[in-house]
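For reference, the structure is listed below as structure tokens.
The values are calculated or read from the model by the stated rules, or taken from the named source; none is laboratory data. Here the structure is a predicted model, which is why all the values come from computation and not from measurement. Positions of Cβ are generated from backbone atoms using ideal geometry, with glycine treated the same way; all protein chains shown enter the neighbour counts.
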Amino acid sequence: MIKEIVVELDVNGIADITKEVEEFVKNCGLNEGAVLVFNVGSTGAITTIEYEPGLKKDFPRIMEKIAPYGDNYEHHKTWGDDNGSSHVKAAIIGPSIVVPFRNGKLLLGTWQQIVVVNFDTKRRNRKVILQILKSI
């Protein structure tokens, strides 16, 4: 079972998609298994975070320290663009996570939400694929 969701995000935008993933799992017809959450594209990422105002500011700030926008990236020479840092940040975080579920509920921590992040240098519609992985 596969579903695609689209989330429009500003530069360094972060969106909580936990409810969409929970609803998908709830309606999949399985009691237990796992759900793959995958970002399509090389300048976006999927992770978990405590989705609260402070961390929504801290996370992009720290990622900017790790891969600063203003650095000289060879990627810019290849394509004549400005998003080398976006690719590096997205590669560090990664494009996907797998979350187990039991009794139709995600096995997340109390303050753990699933988020999609846009590291690109412009507003983007982030495509996220959800896929149920069955237990054997």
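Every condition in (1) modelled with pLDDT of 95 or more; (2) surrounded by fewer than 15 Cβ atoms within 10 Å (Cβ to Cβ) is met by Glu74 except one, and the failing one is (1).
Return the residues of the range 64-97 that are within 14 Å of the chain's Cα centre (by Cα) and in a helix (DSSP H, G or I); say none if nothing qualifies. Break it down stepwise before answering.
Filtering the range 64-97 down to residues within 14 Å of the chain's Cα centre (by Cα) leaves 86-87, 89-97.
Across the range 64-97, the qualifying residues are Ser86, His87, Lys89, Ala90, Ala91, Ile92, Ile93.
Tell me, yes or no, whether the range 27-46 has at least one residue that is hydroxyl-bearing (Ser, Thr, Tyr), within 22 Å of Arg102 (Cβ to Cβ), modelled with pLDDT of 95 or more and within 17 Å of the chain's Cα centre (by Cα).
Of the range 27-46, the ones hydroxyl-bearing (Ser, Thr, Tyr) are 42-43.
Those still in the list that are within 22 Å of Arg102 (Cβ to Cβ) too: none.
The answer is no; no qualifying residue exists.
Give the range 61-103 a look and list any residue that's charged (D, E, K, R) and either out of contact with any strand residue (DSSP E or B) (no Cβ under 9 Å at 6 or more places or on another chain) or farther than 30 Å from Lys134 by Cα (or both), or say none. Full working, then the answer.
Filtering the range 61-103 down to residues charged (D, E, K, R) leaves 61, 64-65, 71, 74, 77, 81-82, 89, 102.
The answer is Arg61, Glu64, Lys65, Asp71, Glu74, Lys77, Asp81, Asp82, Lys89.
For Glu23, the conditions (1) touching a residue at least 60 places away in the same chain (Cβ under 8 Å); (2) in a helix (DSSP H, G or I) all hold with the exception of (1).
In the range 98-110, which residues are crowded, with 16+ Cβ neighbours inside 10 Å and assigned to a strand (DSSP E or B)? Of everything in the range 98-110, those that are crowded, with 16+ Cβ neighbours inside 10 Å and assigned to a strand (DSSP E or B) turn out to be Val99, Phe101, Leu106.
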